[in-house]
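A quick write-up on the structure given underneath.
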Amino acid sequence: TLKSFCRIMGDIAMAEITPDRVHAYIAGAGSITRFWHRKHEVLRGFYRFATTRGHVDRSPLPKFVPKAPEFVPYIFSHEELQRLLDASADCESPRSKLQPHTWRMLILLLYGAALRISEALSLTLADVDLPASILTIRESKFYKTRLVPMSSDLSSALETYVARRAKEYSTKPDAALFLTRNGNPLERHTAENVFRRLRARAGVLQPAAGRYQPRLHDLRHAAAVHRLISWYRQGADVQRLLPQLATYLGHVHIAATQ
């Protein structure tokens, strides 16, 4: 954010940066989002640093901080999940960076094991214990390592994927589980770009939501919500089971799950 701010302001002294330019940078184009507040928070710390050291007399930041609309994750329906899987046919083209079976497995794993996208893309072959149906998630968001058991259906799908992957790419234990068509580890920006294209092809969109469209990370939210709904329909004691869901998701505090 600071690099972006400095690039847009140009090669001038800090004291010459006017409030209008700062306001324009923070506002950006379009409606107010959480990114508005993120930029404001970064610049507030920056100008606090600058004023205490005498680089500027006062902060040019806006005094009024508008409230950002509350972000609501998108919960996919089972029918939409199926359409996303079916959209993998679009990856048949040699121009696609992902092969169809790679895309399908990524969607299945993100939803079926409720993983963060970073966790899925960090998996190596050594992290996949197919006989035990367990994934080892190493140093995740909170620098914790956890074991994630898989259902028999998910484990079977993963076994099929690994066998097919082995015909074309390295099977060394430290090799990435998910690879692009050219054999490089799949990176997040590539996965999200493919998802945006296939999401549109599958018709999984929010026409009235503008920039707030379904994300790959929302597969994790959908998995958690669908699990709760399933428990309620079974008449289970959801409050007693919630700590188990928190552990499965890798949350440090149950409040994050709630």
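The values are calculated or read from the model by the stated rules, or taken from the named source; none is laboratory data. These figures come from a predicted structure and were not determined experimentally. Neighbour counts are summed over all protein chains in view; Cβ atoms, including those assigned to glycine, are modelled from backbone coordinates with ideal geometry. Protein only, heavy atoms only, side chains kept; ligands, DNA and RNA dropped before computing areas. Shrake-Rupley method; radii C 1.70, N 1.55, O 1.52, S 1.80 Å.
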**Request:** Might you work out the accessible area of H217 for me, using a 1.4 Å probe with all protein chains in place, and round it to the nearest 10 Å²?
**Result:** 50 Å²
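Please give the per residue volume of the convex hull enclosing the alpha carbon atoms of the range 105-145, rounded to a whole number of Å³.
Hull volume normalised by residue count: 71 Å³.
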**Asked** For the chain, modelled as a Gaussian network with Cα springs under 10 Å, which listed residue fluctuates most, V65, V225, V162?
**Response** V65
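If you roll a 1.4 angstrom probe over the protein chains with everything in place, what fraction of the accessible area of the range 63-154 belongs to carbon and sulfur, to the nearest %? All intermediate terms of the calculation are to be shown ahead of the outcome.
Values: 2790 of 5000 Å².
Carbon and sulfur: 56 percent of the exposed surface of the range 63-154.
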**Message:** So if each residue of separation counts as 0.36 nm, and I subtract the Cα-Cα distance between R7 and R44, what length gain in nm does that give?
**Reply:** 11.6 nm
**Message:** Order 39-50, 235-246 from most to least packed using the mean count of other Cβ atoms within 10 Å.
**Reply:** 39-50, 235-246
**Request:** Could you work out which residue, out of R188, R164, R34, moves most in a Gaussian network model of the chain, that is, has the largest mean-square fluctuation with Cα springs under 10 Å?
**Result:** R34
**Prompt:** Each residue of the range 6-14 in turn: what ³J(HN,Hα) in whole Hz from Karplus with 6.51, -1.76, 1.60 and θ = phi - 60°, glycine and Pro shown as x?
**Reply:** 5, 5, 6, 5, x, 8, 9, 5, 4
**Request:** Using a 1.4 angstrom probe, figure out how much accessible area the range 40-197 has per residue, in square angstrom, rounded to the nearest whole.
**Result:** 57 Å²
**Message:** For Cα extents along the principal axes in Å, one of (1) 52, 41, 35; (2) 57, 39, 38; (3) 65, 48, 37 was computed from the structure I shared and the rest are decoys. Which label?
**Reply:** (3)
**Asked** Packing-wise, with mean Cβ within 10 Å as the measure, how do 13-20, 111-118 rank, highest first?
**Response** 111-118, 13-20
**Fill in**
Given Cβ charges of +1 for Lys and Arg and -1 for Asp and Glu, the option among L61, G183, S96 whose Cα lies farthest towards the positive end of the dipole of the chain is L61
**Asked** Farthest toward the dipole's positive end in the chain, which of V128, Y169, V22, given Cβ charges of +1 (Lys, Arg) and -1 (Asp, Glu) about the Cα centre?
**Response** V22
**Message:** Let me spell out the model: positive unit charges on the Cβ of Lys and Arg, negative unit charges on the Cβ of Asp and Glu, origin at the Cα centre of the chain. What dipole size does that give, in debye rounded to 20?
**Reply:** 600 debye
**Asked** For the range 157-180 and the range 57-124, what is the separation of their C-alpha centers, rounded to whole Å?
**Response** 22 Å
**Message:** Which log10 I(q)/I(0) values does the range 1-138 give at q = 0.10, 0.14, 0.18 Å⁻¹ under the Debye formula, counting every alpha carbon as one identical point scatterer?
**Reply:** -0.64, -0.83, -0.98
**Asked** Under a point spin-label approximation (7 Å from Cα along Cα-to-Cβ), what is the R53-Y212 distance to one decimal in nm?
**Response** 3.8 nm
**Prompt:** Between the helical axis of 238-249 and the dominant principal axis of the chain, each derived from Cα atoms, what acute angle in degrees is found, rounded to the nearest 10?
**Reply:** 80 degrees
